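Report on the structure given below.
The values are calculated or read from the model by the stated rules, or taken from the named source; none is laboratory data. Computed from a predicted model, the values in this text were never measured in an experiment. Note: ideal-geometry Cβ built from the backbone for every residue, glycine included; neighbour counts use all protein chains shown. Note: areas computed on protein heavy atoms with side chains; ligands, DNA, RNA excluded. Shrake-Rupley method; radii C 1.70, N 1.55, O 1.52, S 1.80 Å.
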Amino acid sequence: MQFLNKKIQPNLGLCILRGMEAGKAHQTFFTKQLINWHHTANDRQLPWKAEKNPYKIWLSEIILQQTRAQQGLPYYLNFIKAYPTIGKMAAANDEDVYRIWQGLGYYNRCRNMLATARYITDELKGKFPQTYEGILALKGIGPYTAAAIASFAYGLLHAVVDGNVYRVLARYFGIDSPTDGAAGKKLFHDLAQELLYQPDSAAHNQAIMDLGATVCTPQKPQCDACPLQKQCVAYRQDMVMLLPVRAKKLKIKERHFNYLLLKHKDKVWVQKRSGKDIWHNLHEFYLIETDKAVAASDLTTTPQYKALKIKQKLTHIISLKQQLTHQTILSQFYEISITNPHTEALTGGKWVAIKDLKKIAFPKTIVSFLEKNFYF
Ligand code: SF4
């Protein structure tokens, strides 16, 4: 266990390890202030807050994995409108569900969501599991999401630990154990569980996440409006921006996608992505991926381009960039009309009428291309 400031280390160590009086008082202050703030000053409005229906909580939590609340909000509302019950979602066809998900990214979340909706409907007679273990066993659900559903839907005593919680705890208690290491994770989870306000675990979990999202934010935290300020170690030691600590730096890979929008009469070629890669199950145009940015003249020398056996000149339309967590996707879009729609190189896809492109699920970068070029 590591604490930032040697002067405060003994107290905090005792607080967590042995529950001594000084540490207990520090913890009690935290929980009391947090709950009081939640009931008197927390004005964060989100439609799934105070929700008790496990289907709606589950849906919101799946959407919010790796997505900010404001970005996820319209998706949540669209899903609830289209599928007000888990049975309705289970009965939907995949393409419709992917279309609503379009733009949220991390499409394996959508795939797992559908699988879970069908599992609960078919195998559990539509009844959501009511224990932490039962929820955790569902596809696409990790400890954080299971704790959130267990406490919000059923009031079970499970503390949530997400990025907001790591930040609030690291700063308030002055902990600099890396949040992405096994020891740090255990420390934060144990501490969060110990702090949990037992009469109302749902309120506690909601409060700490909201405090992290609105007050104790990563940049420019509003310490002067924070109910924890009086006993916050990071604030008192002027170390707010140093916490929390991560051991590993995120490695971001750059990828170069060259999309050929192949046109034949009023149709375009669309193919489905498969394999273990980003955008699995979504559609795209004819793709030539290169390991660096290439000019159109270099593109025409690639085997994938030659396989098309086309003579017409490529027309460059637009360059687009999409930032994913671990990858930067740099896409070049070219347009080309072709005379032979049955060339052997075209497999795993189909010719789609331009007016029907709206019915197909595409990744965000292709949706941007279609919108900017008036296909939608
Ligand atoms: S005082 Fe500042 S750093 Fe400490 S918990 Fe509050 S907002 Fe976060």
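Of the residues making up the range 57-71, those that are within 12 Å of ALA148 (Cα to Cα) and at pLDDT 90 or above are ILE57, TRP58, LEU59, SER60, GLU61, ILE62, LEU64. Looking across the range 151-163, the residues that are buried (at least 18 other Cβ atoms within 10 Å of the Cβ) and either closer than 27 Å to PRO218 by Cα or within 16 Å of the ligand (Cβ to nearest atom) (or both) come down to SER151, PHE152, HIS158, ALA159, VAL160, VAL161, ASP162. For the range 341-365, filtered to residues that are part of a helix (DSSP H, G or I) and out of contact with any Ser or Thr (no Cβ under 8 Å at 6 or more places or on another chain), the residue that is most open to solvent (accessible area, probe 1.4 Å) is LYS355.
In the set TYR76, TYR166, only one residue is open to solvent by less than 20 Å² (accessible area, probe 1.4 Å) and in contact with a Phe, Trp or Tyr (Cβ under 9 Å, 6 or more places away or on another chain); that residue is TYR76. Could you tell me whether GLN206 is open to solvent by 10 Å² or more (accessible area, probe 1.4 Å), in contact (Cβ under 8 Å) with a residue 24 or more places away in the chain and over 20 Å from GLN65 (Cα atoms)? It is false that GLN206 is open to solvent by 10 Å² or more (accessible area, probe 1.4 Å), in contact (Cβ under 8 Å) with a residue 24 or more places away in the chain and over 20 Å from GLN65 (Cα atoms). Just give me the residues in the range 324-363 being closer than 24 Å to ASP291 by Cβ and either at pLDDT below 90 or not assigned by TED's automatic domain parsing to the domain that holds LEU261 (or both), in sequence order. LEU324, THR325, HIS326, ALA345, LEU346, THR347, GLY348 - these are the residues of the range 324-363 that are closer than 24 Å to ASP291 by Cβ and either at pLDDT below 90 or not assigned by TED's automatic domain parsing to the domain that holds LEU261 (or both). Apart from one condition, LEU330 fits all of (1) surrounded by 14 or more Cβ atoms within 10 Å (Cβ to Cβ); (2) closer than 20 Å to HIS264 by Cβ; (3) not hydroxyl-bearing (Ser, Thr, Tyr); the exception is (2). Checking each residue in the range 186-224 for being outside any helix (DSSP H, G or I) and either within 15 Å of the ligand (Cβ to nearest atom) or more than 24 Å from PRO143 (Cβ to Cβ) (or both) picks out VAL215, CYS216, THR217, PRO218, GLN219, LYS220, PRO221, GLN222.
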